[in-house]
Every structure is written in C-alpha cells, then in structure tokens.
1. So if I check each of E122, E185, E160, E116, which one is farther than 18 Å from L93 by Cα and touching a Leu at 6+ places or on another chain (Cβ under 9 Å)?
2. Just checking: which of the strands (runs of 3 or more DSSP E) contained wholly in segment 90-136 hold 2 or more residues that are without any contact (Cβ under 8 Å) to a residue 60 or more places away in the chain and closer than 26 Å to L146 by Cβ?
3. Name the residues in segment 150-185 that are part of a loop (DSSP other than H, G, I, E, B) and buried (at least 18 other Cβ atoms within 10 Å of the Cβ), would you?
4. Being surrounded by 12 or more Cβ atoms within 10 Å (Cβ to Cβ), of a type in the set (S, T, Y) and over 23 Å from the mean Cα position of the chain (by Cα) is the filter here; which residues of segment 104-126 pass it?
5. Going by the structure shown, is L129 in contact with a strand residue (DSSP E or B) (Cβ under 7 Å, 6 or more places away or on another chain), at pLDDT 90 or above and surrounded by 17 or more Cβ atoms within 10 Å (Cβ to Cβ)?
6. Only one of (1) outside any strand (DSSP E or B); (2) hydroxyl-bearing (S, T, Y); (3) over 21 Å from E185 (Cα atoms) is not met by Y147, so which one is it?
7. When you check S153 against the structure, is it hydroxyl-bearing (S, T, Y) and farther than 20 Å from V106 by Cβ, yes or no?
8. Which residues, counting only those in segment 4-33, are of a type in the set (V, I, T) and modelled with pLDDT of 85 or more?
Amino acid sequence: MASTIEHQTEGKKGPSMVMLLVAYAIITLIAGGAGFGVSATMLKPTSMAQATEPAATEAPATEAAHAPAAAGHGAESGNAAETEEHGGGTQKLSIVDLPSITTNLVDPTDAWIRMELSLVFEGDSDTMLAQEVHQDIIAYVHTMKLYNLRGGSGYQHLIEDLEERAAIRTEGRVKRVLVRSLILE
C-alpha cells in the first residue's frame with residue numbers, strides 16, 4: 001500500500017520550481033519593459049523642457065503686471081507694467097478694471113452671474129474702448145447657459161470666449177482678460 005501512495009504522488013507532480021521561477025522572471029521583465037515604455041512616452045522631450053525655461057523667466061514679470069489689478073475698483077486703475085519679449089525689447093502693458101457685471105443667465109432664468117474683470121491692454125489703455133468691451137461682455141454673458149459654465153473646461157471656455165471677444169472689439173489691443181471674481185447663484 002505504501003508503494004501505491006508513493007506512486008500516486010509521483011504522477012501528480014506539477015511543473016518544477018525552476019520553471020515557475022523562470023515564468024515569474026519573464027513576467028517581471030515584461031511588466032518592467034511596459035512600465036519603462038509608458039514612462040518614456042509620458043515624459044517631456046528635452047526640446048520641450050528647453051522651451052519652457054523662457055516662460056519661467058517671464059512669469060515674475062507678468063505676475064508683477066497682474067498683481068496691482070486686485071487693488072482697485074472702478075472704471076480704470078491706470079496700472080502699467082513693462083514686460084520683456086523674446087526678442088529682448090520691452091512692451092508696455094496697462095490694466096483697466098471694469099465695473100462689475102451682474103446679470104441673469106438664459107437657462108435657467110433664475111440663475112445669476114456676477115463677474116469682476118480687468119483688461120490687459122498693450123500700450124496705453126483706452127477708457128472708451130474698455131467700456132465698449134464691457135458692454136459686449138455683458139451682452140455675451142446674458143446669452144450664456146448654466147451648463148456651459150460647469151467644471152474647469154467650462155470656465156476655460158468662458159475665458160477664451162471673453163478674450164476672443166475683447167481682442168476682436170479692440171482690434172488686438174487687449175491681450176488678456178483677467179477674472180478677479182466669478183460668482184454663480
């Protein structure tokens with residue numbers, strides 16, 4: 001009887017421990033290669049890293065240009081700043097604070113929006129032109145629907161639309177529209 005038990009255990013013997021370790025090693029190498037391949041495609045190439053370095057040096061200059069915008073309320077703050085372009089020349093920017101915009105949305109009609117904006121002009125600011133942009137923005141915001149403003153992408157689309165409208169109205173003199181506050185109720 002003992003011989004039959006020994007005989008049965010020899011017949012049920014599976015793959016050897018060496019084969020199991022080889023299979024684990026192959027799976028580990030495949031997983032490591034896939035991880036390396038994904039990380040290599042997700043990282044920025046060196047040419048992209050060099051292109052972002054000038055933007056990092058421009059950031060303090062643009063922050064200085066935008067920082068005084070939060071200080072004033074009224075039609076025009078008269079803030080001006082100079083920033084360096086890639087060519088080495090300077091560009092004068094002036095910031096105009098617009099009066100706050102409070103209006104209802106198209107859908108739902110009981111939703112209200114309040115925005116406080118500033119315009120960044122290239123060169124000297126023009127108060128009359130800023131008022132035209134202000135009226136155009138009021139008309140645009142009044143035609144918006146609440147579902148268009150949901151999420152980060154909705155906010156980004158709003159900013160892009162406002163900047164596009166301001167640039168068209170001023171024939172390219174407005175470079176940015178800064179949102180100082182945005183309240184939806």
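The values are calculated or read from the model by the stated rules, or taken from the named source; none is laboratory data. Worth saying up front: this structure is predicted, and the values here are computed from it rather than measured. All Cβ positions, even for glycine, are placed from backbone atoms using ideal geometry, and neighbour counts span all protein chains on display.
1. The match here is E116.
2. 101-104
3. Listed by number, the residues that qualify are T170, R173.
4. Answer for segment 104-126, where residues must be surrounded by 12 or more Cβ atoms within 10 Å (Cβ to Cβ), of a type in the set (S, T, Y) and over 23 Å from the mean Cα position of the chain (by Cα): just S125.
5. no
6. Status for Y147: all satisfied but (3).
7. no
8. Once the filter is applied, which keeps residues that are of a type in the set (V, I, T) and modelled with pLDDT of 85 or more, segment 4-33 yields V18, V22, I26, I27, T28, I30.
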